[in-house]
Amino acid sequence: MASLGLPVPPGFTLSTALCTEYYANDKRYPESLREQVGKALSAVEKVVKRRFGDPGNPMLVSVRSGARVSMPGMMDTVLNVGLNDETVEGLGRKHGDMRFALDAYRRLLMMYGDVVLGAERRAFENELVNVKTKFGDARMPDPKVPEEALRELIVSFKSIIREQCGVPFPQDPQQQLWGAISAVFDSWMNPRAKSYRRMYNFPEHWGTAVNVQTMVFGNLGNDSGSGVVFSRNPSNGDKHIFGEYLQNAQGEDVVAGTRTPSTIRTRDGSGESNKSSMEMLAPQGFSELLTLIEKLEKHRRDMQDIEFTLEQGKLWILQTRSGKRTGEAAVRIATDLVAEGLISKDEAVLRVEPAALDQLMHPVLPGPKELSKKGIEAMAKGLPASPGAACGQIVLTPEEAESRAAKGMSVVLVRNETSPDDIRGMKAAVGILTATGGMTSHAAVVARGMGKPCVVGANAVSIDEEKQIVRFNLADGSRKELQAGDIISLDGSRGYIYGQGIEVAPLSGSNERLDLLLSWADEYRRMVVRANADAPADAALARRFGAKGIGLCRTEHMFFEEERLLAVRCVLLADSPSKRGDWLAKLKEVQRKDFYGLFTEMEGLPVTVRLLDWPMHEFMPRLEKDISAVAKALGEPLSVISRRSSSLRENNPMLGHRGVRLGLTHPEIYAMQTHAIMEAAADCHEQGHSLHPEIMIPLVCTAKEMSLAKELVKKSAHEVLDRRKISMEFSVGTMLETPRACLVADKIAEHAEFCSFGTNDLTQTVYGISRDDAGKFFPQYMGDELSVLTVDPFSSLDPKGVAELLKIAVEKARRTRSGIKMGICGEHGGDPESIEICERVGLDYVSCSPFRVPIARLAAAQATLKEKESASNSTMAL
Ligand code: PEP
Ligand code: MG
């Protein structure tokens, strides 16, 4: 920014490389550092014509973190470094404002005590309230605290430090500086920074830089102030600056959310007019700010999140970074920047985090007018900090949020303001509500990054943590109380809070800008995106989201309805082929209708139907009423059916009699399914629809299993085609979902005409960890203490073990059958990181649940672009 000619307070940077070295050397600095910092400090002193530690004209510095990517509020900052009993007098005299100097000093004591020396922040806060009470009003705004009170505070803050830390506050500015530098480096490893990195998968070795910068002051009277501004709206991407301003305040007051700031513009996007905006209060600074924002955005070619300070009319830019944004805003900004000629289409495709699209697929609450018609009124309104609808039990602490969420409850975290320590509670919650704070407070920024609905600055809400109560001052002057554990709903898109559960409306998924971005993604993407869908309605949704076929239809999912379930149970528990045959015939008819629905919804596109892989234990009747229904249907005594059901029980059903094993030992089941598929296909064919059914065999481990299953399927298919005198192409392939199948993929490919990786089972069998039981110990495995796993391998493909098997299998299968179509249909098919692996190993398609199809389309395009880029880099290196 300095080199662009922007007004930036002079300073210098200790690089991230130094941070890495600091940790590698037991937190020791290289010998030459002190000298280098000394030189840098003198250079800055020359520019600002003040000296660090000079009692007459002191220079103060801020010491802040600066990581490679923005980690809002996760690391520490110390402001006003360089103040002591002497320099505070000099600063006061210099500005002709002793109150201001004393206020800066008490802030240093508080921050230094808390961040560097480890005193309890709350002790300082309590003392501040005590002194305010003594001087007349506990709720007195900070700028109104008189000089005398500040002098008292300084004395008591010093004794808090001495008592709690066993050392006095250092009067030596150099000692302060080094204490602050080390504290900022140390904060790279604090629990909240670690947990933030883990959540976003940022590596530990990046380290943070430390920026030492001269202080400018936003609290030097009414011609001063601090603010945060986004160059575009971070919630919806509107091309309007959007931000907040606090007159006569330091920046920390804005971001900490302790005071609710006013807007930058008099009229913001909502059309409401604000008389205490920066535009009204400081018109000159405001118009300068507009020019600088434009310059910065053009230079960085992205939406910026800018912190600034107005010091007695002079504008200073303290920081700029690419702003965090919601999924909706990300799509809008990327497409607008292309239209404005600032970025290219492929850059736009790379700019949007695929996971952020998830938010666009998320449900929202109906509007207040619509709800009012149903007699539902909002209890309060706050700022719509992060869109979407959240409904859950009120929790008042992050610990409670975590513990209830771990029991499977949906919780809404309600706080006066959130501090970065709340991050784990925010992660566990479905939504966040705060009583104070603005759109740029930590709660808002972090919630937007997480894509969680969030309402902040709801002034009508107050929280009594001790009594576990949330109080609402309603618009009609009355009061209402809710207890922790009561249900609350948040409208993060509009800011409304409702004291009850409200049914959410799913999004239609239609969004012109998203469609535009995805159409660009489709131009770059190499892999095809299909959907996992078992019902015609899911197939229709998937097609609307852009799926180019079905990659997995789990036929057993078609059996969950009560009537069908009975038929399935009868098939499993019948003791004679003829009885089983009767029930199979019933199932065949329903399956035929389902397949017909799928084929017509996916007209012209491939549909892969997987033959039965039912987890037998899930289908067995357990309740007496269910057992007796089966007994009645099969005409046998209850005790017989009960005994037969027990005899089929397996010790380890996930590794038991399932998949192709069941298919080969009960050939009539696969024959029935093939008949149903081919009958439906023949119906479609006769009606003129084009289609290509793909029949897939699950859980194959050996070539022999595949050859037998293929023979069975082909024979059954031809029985239908011959009878109906139709000739139609269809293929028979397999899932690769055991390590053995991957290792002998060359042999299996002698029979299989296509392969799809079932990475759910593959992950289960590679790790030897049951899919059904992993949840019991994964939280500990992924927790801070053990850290055995950083990500759940059932959500994101294990890049070492499982990916290696994918690579081997692709190479082997293609050696036998060149050009064999290979894809993935496990849960990983919709996960952006896993999709990158699929691109690298050369899969032809990914298949995922319908709601993840847009994410997969974008992620697949990014994967192709990144692969191209790394290929061209390695060519250049050659
Ligand atoms: C798989 O194992 O990855 C798969 C898609 O099959 P299922 O989840 O039905 O076992
Ligand atoms: Mg499987």
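If you go through the range 807-846 and keep only what is part of a strand (DSSP E or B) and over 21 Å from VAL352 (Cα atoms), you end up with LYS821, MET822, GLY823, ILE824, TYR845. Among the criteria (1) over 17 Å from MET735 (Cα atoms); (2) open to solvent by less than 30 Å² (accessible area, probe 1.4 Å); (3) out of contact with any strand residue (DSSP E or B) (no Cβ under 6 Å at 6 or more places or on another chain), the one ILE677 does not fulfil is (3). Annotation: of all residues in the range 335-354 being of a type in the set (D, E, K, R) and open to solvent by 30 Å² or more (accessible area, probe 1.4 Å), the one that is nearest to VAL445 (Cα to Cα) is GLU353. Criterion first (on the phi < 0 side of the Ramachandran plot, assigned to a helix (DSSP H, G or I) and either open to solvent by 50 Å² or more (accessible area, probe 1.4 Å) or away from ligand 1 (no atom under 16 Å from the Cβ) (or both)) does CYS742 satisfy it? So CYS742 fails the test.
For the range 758-781, the condition holds for at least one residue, the condition being that it is touching a residue at least 24 places away in the same chain (Cβ under 8 Å) and more than 16 Å from ligand 2 (Cβ to nearest atom). Residues of the range 389-417 that are in contact with a strand residue (DSSP E or B) (Cβ under 7 Å, 6 or more places away or on another chain), open to solvent by 10 Å² or more (accessible area, probe 1.4 Å) and either farther than 24 Å from MET74 by Cα or assigned to a loop (DSSP other than H, G, I, E, B) (or both): ALA389, CYS391, GLN393, ARG404, MET409, SER410, ASN416, GLU417. Looking at the range 722-738, can you tell me whether even one residue there is in contact (Cβ under 8 Å) with a residue 24 or more places away in the chain, of a type in the set (A, V, I, L, M, F, W, C) and in a helix (DSSP H, G or I)? Checking the range 722-738: not a single residue is in contact (Cβ under 8 Å) with a residue 24 or more places away in the chain, of a type in the set (A, V, I, L, M, F, W, C) and in a helix (DSSP H, G or I). Name the single residue that is nearest to LEU91 (Cα to Cα) among those in the range 5-26 being open to solvent by 50 Å² or more (accessible area, probe 1.4 Å) and more than 33 Å from the chain's Cα centre (by Cα). Checking each candidate, the answer is GLY5.
For the range 812-832, the set of residues classified as open to solvent by 10 Å² or more (accessible area, probe 1.4 Å), more than 16 Å from ligand 2 (Cβ to nearest atom) and either without any contact (Cβ under 8 Å) to a residue 24 or more places away in the chain or under 37 Å from the mean Cα position of the chain (by Cα) (or both) consists of LYS812, ARG814, SER818, GLY819, LYS821, ASP831, PRO832, listed by residue number. Where strands (runs of 3 or more DSSP E) fall wholly inside the range 464-540, the ranges with 2 or more residues that are open to solvent by 30 Å² or more (accessible area, probe 1.4 Å) are 469-473, 479-483. Within the range 616-647, if we keep just the residues that are closer than 25 Å to MET696 by Cβ and open to solvent by 30 Å² or more (accessible area, probe 1.4 Å), the residue that is nearest to ligand 2 (Cβ to nearest atom) turns out to be GLU618. Suppose we filter the range 639-651 for residues that are free of Cβ contacts under 8 Å to residues at least 12 places away in the same chain and more than 23 Å from GLY581 (Cβ to Cβ); how many remain? Final tally of qualifying residues: 3.
Rundown of residues vs (1) in contact (Cβ under 8 Å) with a residue 12 or more places away in the chain; (2) surrounded by fewer than 18 Cβ atoms within 10 Å (Cβ to Cβ), yes/no style:
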position: ALA356; (1), (2): yes, no
position: LEU360; (1), (2): yes, no
position: PRO366; (1), (2): yes, yes
position: GLU370; (1), (2): no, yes
position: LYS373; (1), (2): no, yes
position: SER386; (1), (2): yes, no
position: ASP422; (1), (2): yes, no
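The C-beta contact set for the range 615-635 (first residue at pLDDT below 80, second residue of a type in the set (D, E, K, R), distance under 8 angstrom, 6+ apart or interchain) comprises PRO615/GLU556; PRO615/ARG658; MET616/GLU650; MET616/ARG658; HIS617/ARG649; HIS617/GLU650; PHE619/GLU556; PHE619/ARG569. Only residues that are more than 14 Å from PRO667 (Cα to Cα) and touching a residue at least 12 places away in the same chain (Cβ under 8 Å) were counted in the range 702-721, giving 5.
Among the conditions (1) open to solvent by less than 40 Å² (accessible area, probe 1.4 Å); (2) under 23 Å from PRO191 (Cβ atoms); (3) assigned to a strand (DSSP E or B), the only one that ARG64 does not satisfy is (1).
When LEU310, LEU315 are checked against the criterion of being out of contact with any Leu (no Cβ under 7 Å at 6 or more places or on another chain) and aliphatic (A, V, I, L, M), LEU310 stands alone in meeting it.
For the criterion of being more than 22 Å from ASP253 (Cβ to Cβ), in contact with a helix residue (DSSP H, G or I) (Cβ under 8 Å, 6 or more places away or on another chain), open to solvent by less than 50 Å² (accessible area, probe 1.4 Å) and not hydrophobic (A, V, I, L, M, F, W, C), PRO170 passes.
The values are calculated or read from the model by the stated rules, or taken from the named source; none is laboratory data. Given the structure is predicted, the values throughout are model-derived calculations rather than measurements. Cβ: placed from backbone, ideal geometry, glycine included. Neighbour counts: every protein chain shown. These accessible areas exclude ligands, DNA and RNA; they are computed on the full protein's heavy atoms, side chains included. Shrake-Rupley method; radii C 1.70, N 1.55, O 1.52, S 1.80 Å.
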